[in-house]
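Here's the structure, in structure tokens; my notes come after.
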Amino acid sequence: MLKEIRCDKFAPNHQVIKLNEGLNTVLGSSSGTNAIGKSTFLWVIDYAFGGDRYYSMSDDIKKEIGPHTIHFTYEFEGQPYYFYRSTEDTKNVYRSDKDGHFITKLTLDEFRSFLFQEYKVGTPSLTVSDITERFFRIYGRENTLEKYPLLVKPREQDEKAVDFLLKLFGHYEILSAIKSMEEELGIKFSQLKYRQHQRVDIEKIETNQKMIESLKKRLQKLMKNNEEAQLAVFGFDTHTFEQITAIQKELNSFIRKRNRLQSQLNAITSNIADSKAEIASEFDSLLLFPKC
């Protein structure tokens, strides 16, 4: 973890800033003054993690402070590592001893790879910068919108934030396979939006349709072969299987006829039961007529 940041350009009482494991808080002054450098210090931390906008994003720092060097110390598994970066050479990071004496020079990518390895990120589809640029919420970075917490910038596509989450949780291989299939089939929207006039390949469509029909026939054949194989276990041959199939079709036809006739019979029986009492009362009334 990042343990210490040193710079002789910091305020006299804060030229060495030590960071503790867990939560670290940067507080404003007791007088309520806001412009005291909280955001600037966050940019310094970003710089210590391999960021490249600390010195370039603020003209005030260039004008009022000028070129300077920032020393920072990491500790991994009890082993300290000392580095420093100069604002005049933002593309390199220098490894040093605890007293700040030069040991070796690392490119910015080599330094980020070192952090990636020592922090044991464990997701090869991500880099340290991929992670830090989304979670450093610093004024001036344009990623401070609370309703869009995973976007690097306001105009970034939501799809990229989703891709980042999939990478972070180790599921990007699935998404990558899906995207490869989309691109191979030519149905990816991001490809189509740059094509105002896309020609339809009729020949390819016909080929695909023929392939679909061929696969359907193959499926039916496999299903039939599977049924025949099951009957063969019980000693039935192909001729017997065909006879059974014909009998089954005929039986299904009889079952449908029986169901239809049964439905009609039920309707007639129901009508007779409902009208029986009414018909009986009408015949009783006939007994009241006088005999001629």
Using packing as a proxy for protection, rank 85-94, 203-212, 100-109 so that the peptide with the highest average count of other Cβ atoms within 10 Å comes first.
85-94, 100-109, 203-212
Separation between the ASN259 and HIS68 pseudo-spin-labels, each 7 Å from Cα along Cα→Cβ, expressed in nm?
8.7 nm
If you count only protein heavy atoms and use a 1.4 Å probe, how large is the accessible surface of SER270, to the nearest 10 Å²?
60 Å²
Which of LYS9/LYS63; LYS179/LYS204; LYS179/LYS217; LYS38/LYS153; LYS179/LYS210 have a Cα-Cα distance over 19 Å?
LYS179/LYS204; LYS179/LYS217; LYS38/LYS153; LYS179/LYS210
Full-extension gain in nm, GLU173 to LYS204, via 0.36 nm per residue minus C-alpha separation
8.3 nm
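If the limit is 30 Å between Cα atoms, which of LYS3/LYS160; LYS105/LYS160; LYS3/LYS62 go over it?
As for pairs spanning more than 30 Å Cα to Cα, those are LYS3/LYS160; LYS105/LYS160.
The values are calculated or read from the model by the stated rules, or taken from the named source; none is laboratory data. Computed from a predicted structure; not experimentally measured. All Cβ positions, even for glycine, are placed from backbone atoms using ideal geometry, and neighbour counts span all protein chains on display. Accessible surface is based on the protein model in full, side chains and every heavy atom, while ligands, DNA and RNA are left aside. Shrake-Rupley method; radii C 1.70, N 1.55, O 1.52, S 1.80 Å.
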